[in-house]
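Q: One structure coming up, written as structure tokens, with questions to follow.
The values are calculated or read from the model by the stated rules, or taken from the named source; none is laboratory data. All values reported here derive from a predicted model rather than from experimental measurement. Note that each Cβ is placed from the backbone with ideal geometry, even for glycine, and that neighbours are counted across all protein chains shown. With ligands, DNA and RNA removed, areas are computed over all heavy atoms of the protein, side chains included. Shrake-Rupley method; radii C 1.70, N 1.55, O 1.52, S 1.80 Å.
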Amino acid sequence: MRNWRAKTAAVAVVSALALVTACGSDDNGSSDNGNGGGNDNAGNSSEEGADGSGLSGTITGAGASFPDPLFQEWIAEYSQNVEPDVTINYQSVGSGAGVEQFLGQSVEFGSSEEYLNDEALAEAESGRCEAVQFPVVFGAVVIAFNDPALDGLVLDAETIAKIYDREITNYNDDAIADLNPDFDLPDQEILPVHRSDSSGTTFVFTNFLSHEVSDWESKYGAKKEIEWAEGTLGGDGNQGVAQGVQQSPGGIGYVNQSFALEAGLPVAHVVNEDGEAIAPTLEATSAASEEAEVPENFQFTINDIGGEGYPIAGTNWIFTYTCDYDENTADIIKGFWTWAMESDRADELAEELGYAPLGAELKERVLAEIEKTNSGS
């Protein structure tokens with residue numbers, strides 16, 4: 001697998017400098033201008049890019065940590081090899097903060113693992129104009145462990161729910177033993193680690209539990225942020241949860257697959273709708289994504305995954321507006337996300353990190369949706 005963290009660090013330094021220079025910042029890292037996040041200086045240069053189409057300028061997005069490893073790779077590839085005069089800053093602040101900044105018009109685009117519901121769409125329209133939302137990638141939320149000896153441990157939705165509700169507190173519990181007759185389970189207290197910020201990854205995780213376990217649905221529901229049971233540990237972002245698991249004996253946590261891969265964390269096999277214990281592989285995530293029914297408005301979740309599909313699968317959405325960008329900013333937004341959908345290299349980078357690209361038919365629908373950005377201006 002590519003060592004994306006080294007490149008991410010370099011891009012983050014460049015991005016931070018560009019953000020301060022181009023649009024200033026406040027305590028939340030948001031731009032200061034009052035034009036809905038459209039940077040007044042974005043793309044003012046008329047110079048042709050060395051190898052690109054002549055686009056030049058800076059845009060900023062914010063939101064989910066779930067796709068951040070991939071977005072940093074996409075941004076680096078695009079800025080280095082496609083449009084060298086374009087700078088794209090992506091702030092991995094969590095889905096909740098990303099939606100807040102998007103609706104607050106302090107960034108050019110937002111990102112989340114939960115689509116904008118009708119209430120959020122109405123808020124966007126009342127504050128600015130109609131929002132555009134489209135999926136860009138699928139990914140798995142894995143159950144990761146501190147102990148390498150637990151790699152491949154089988155868990156089902158009910159057992160996971162009871163672990164996070166603190167009904168199951170030891171790895172040698174009978175419910176876990178029944179699912180793993182060939183495991184020598186340790187007499188080890190379980191420490192569940194969860195997101196402490198408003199998180200799309202949490203929404204994907206709790207949506208799975210809510211759909212499968214009625215007690216979880218009635219007590220917690222499917223949300224980006226919930227009131228966790230006592231005896232659990234919080235961490236900021238997928239990286240914070242991964243670190244919490246790594247540093248805590250008995251730790252168990254839910255993270256995007258790419259973070260578990262990068263950290264070398266052992267992961268569970270999760271029982272799907274057909275009773276199959278499925279490892280979180282790229283192929284299993286792709287199989288799950290193929291079962292998603294995607295309506296015209298792109299408001300959907302991935303549930304009832306059977307066959308060879310991994311059952312805790314999610315989608316990342318991008319949010320833009322139909323108005324109020326300057327022309328160059330809109331061209332940069334549309335150019336980047338069009339490249340992400342059309343480029344074979346973008347798909348290769350996704351797969352290297354464990355994400356599943358959209359299928360060809362869905363990509364065509366998304367490309368048409370991207371073109372709605374700034375279409376009302």
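Q: Please find, in a Gaussian network model of the chain (springs between Cα atoms separated by less than 10 Å), the residue of His269, His211, His194 whose mean-square fluctuation is greatest.
A: His211
Q: Roll a 1.4 Å probe over the protein chains and send me the accessible area per residue for the chain in Å². Please report the intermediate quantities before stating the final value.
A: Numbers: 14960 Å² over 377 residues.
With the other protein chains kept in place, the chain gives 40 Å² per residue.
Q: List the residues, sorted by chain then number, that are 5 or more residues from Ile318 or on another chain and whose placed amide H is less than 5 Å from its amide H.
A: Long-range HN contacts for Ile318: Phe134, Val136.
Q: Follow-up. Using a Gaussian network model of the chain whose springs link C-alpha atoms within less than 10 Å, name the residue from Phe298, Phe102, Phe205 with the highest mean-square fluctuation.
A: The residue that fluctuates most here is Phe298.
Q: For the stretch 122-210, what is the charge dipole size about the Cα centre, in debye to the nearest 20, if Lys and Arg each add +1 at the Cβ and Asp and Glu each add -1 at the Cβ? Intermediate results must be reported in sequence, preceding the final value.
A: Values: 4 positive and 17 negative charges, 104 e Å.
It comes to approximately 500 debye.
Q: Could you tell me the convex hull volume per residue, in Å³, taken over the Cα atoms of the stretch 215-273?
A: 126 Å³
Q: Another one. Looking at the chain as a GNM with Cα springs under 10 Å, which of Asn117, Asn172, Asn328 has the largest mean-square fluctuation?
A: Evaluated over the chain, the most mobile residue of the options is Asn117.
Q: Just the Cα atoms of the stretch 276-377: what Rg and Dmax do they give in Å?
A: 15.5, 51
Q: Now for a different question. Once you charge only the Cβ atoms, +1 for Lys and Arg and -1 for Asp and Glu, what is the size of the charge dipole of the chain about its Cα centre, to the nearest 20 debye?
A: Values: 15 positive and 67 negative charges, 182 e Å.
Once rounded to the nearest 20, the dipole reads 880 debye.
Q: Using a 1.4 angstrom probe on heavy atoms only, work out the carbon and sulfur share of the accessible area of the chain in %. The partial results should precede the final answer.
A: Values: 6350 of 14960 Å².
That share works out to 42 percent.
Q: Considering the values (1) 22.9; (2) 21.1; (3) 25.8, which represents Kirkwood radius over Cα pairs in Å as calculated for the structure under consideration?
A: Here Kirkwood radius over Cα pairs in Å agrees with entry (2).
Q: Right, here's the next one. Run the helix sum for the chain: -39,500 (n - 2.57) per DSSP H stretch of 4+ residues, divided by residue count, reported at 222 nm to the nearest 500 deg cm²/dmol.
A: After summing the helix terms and dividing by the residues of the chain, the value is -12000 deg cm²/dmol.
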